[in-house]
Amino acid sequence: MKQLPVIAPSILSADFARLGEDVSAALQAGAGMVHVDVMDNHYVPNLTFGPLVCNALRQYGVTAPLDVHLMIEPVDALIPAFAEAGASLISFHPEASKHPDRTLQLIRSLGCEAGLAFNPGMPIEMLDYLIDKVDLILVMSVNPGFSGQSFIPSALQKLSDIRRRIDASGRSIRLEIDGGVTPKNIGSISAAGADTFVVGSAFFNTPNYVETVQNLLRGIGDSASPSC
Ligand code: DX5
Ligand code: ZN
């Protein structure tokens, strides 16, 4: 069963000089969680932020879930610091961990929800063995590293395949899409099975966040109503 739709703006596209203010405005406009893209210039060719930024958002007064997307390798050593800094959900790419099962257990043992992230070229068969330990599955619809890239259409098939597996598991697992999401394509993404939508450039590069959330939710709603 799909969870209620959530828009998760990626702060990779936010105004870093006034991050607290920008994130608060996004949440006030109706965003449901804050997506934090952590990059290490090793797993991906870009460098962003660490646990200090999560902590700073918490200190600023942000109480919404912090959805931390680790694009780092290795992953285990930094997970406790993100949990300590206020992360709610921590996702990682399984190929960046020598022991993905152990990493999922580590995240949960620290009181956070655990997510697995799949790049466009990655198969999803390992879910056969790991689905009972995940709270979120993140489908990358761009190659990780940068905001502002175009949506890769094969992600739609991957979403439907994972949606079937989630429904068969009977567990309440969020299915998140990340990369190139816009009000134009969010309808087909939702129809393919996603319920959690990371939006970076198509969120923070718009002038009116309230309108942006409305446009995104309208796109999701249109996909849910029967076409005639
Ligand atoms: C890419 C990141 C995404 C990115 C999304 O590596 O994981 O979260 O910021 O940005 P847009 O929505 O602009 O593709
Ligand atoms: Zn991300």
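The values are calculated or read from the model by the stated rules, or taken from the named source; none is laboratory data. Small disclaimer: the values here were computed from a predicted structure and weren't measured. Note that each Cβ is placed from the backbone with ideal geometry, even for glycine, and that neighbours are counted across all protein chains shown. In case anyone asks, the SASA skips ligands and DNA or RNA and just uses the protein heavy atoms, side chains included. Shrake-Rupley method; radii C 1.70, N 1.55, O 1.52, S 1.80 Å.
At a glance:
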quantity	calculated
Members of segment 93-106 found to be assigned to a loop (DSSP other than H, G, I, E, B) and open to solvent by 10 Å² or more (accessible area, probe 1.4 Å), listed by number	S97, K98, H99
Selection from segment 131-146 of residues that are touching a residue at least 60 places away in the same chain (Cβ under 8 Å), more than 10 Å from ligand 2 (Cβ to nearest atom) and touching a Ser or Thr at 6+ places or on another chain (Cβ under 9 Å)	L136
Matching residues in segment 38-66 - criterion: being within 12 Å of ligand 2 (Cβ to nearest atom) and without any contact (Cβ under 8 Å) to a residue 60 or more places away in the chain	V38, T48
In segment 14-37, residue farthest from T212 (Cα to Cα) [restricted to those that are of a type outside the set (V, I, T) and either buried (at least 21 other Cβ atoms within 10 Å of the Cβ) or within 14 Å of ligand 2 (Cβ to nearest atom) (or both)]	D37
Those residues of segment 40-74 which are open to solvent by less than 30 Å² (accessible area, probe 1.4 Å), within 15 Å of S10 (Cβ to Cβ) and of a type in the set (V, I, T), in sequence order	V44, V62, V68
Segment 65-104, subset touching a helix residue (DSSP H, G or I) at 6+ places or on another chain (Cβ under 7 Å) and among the polar types (S, T, N, Q), residue farthest from D40 (Cα to Cα)	T103
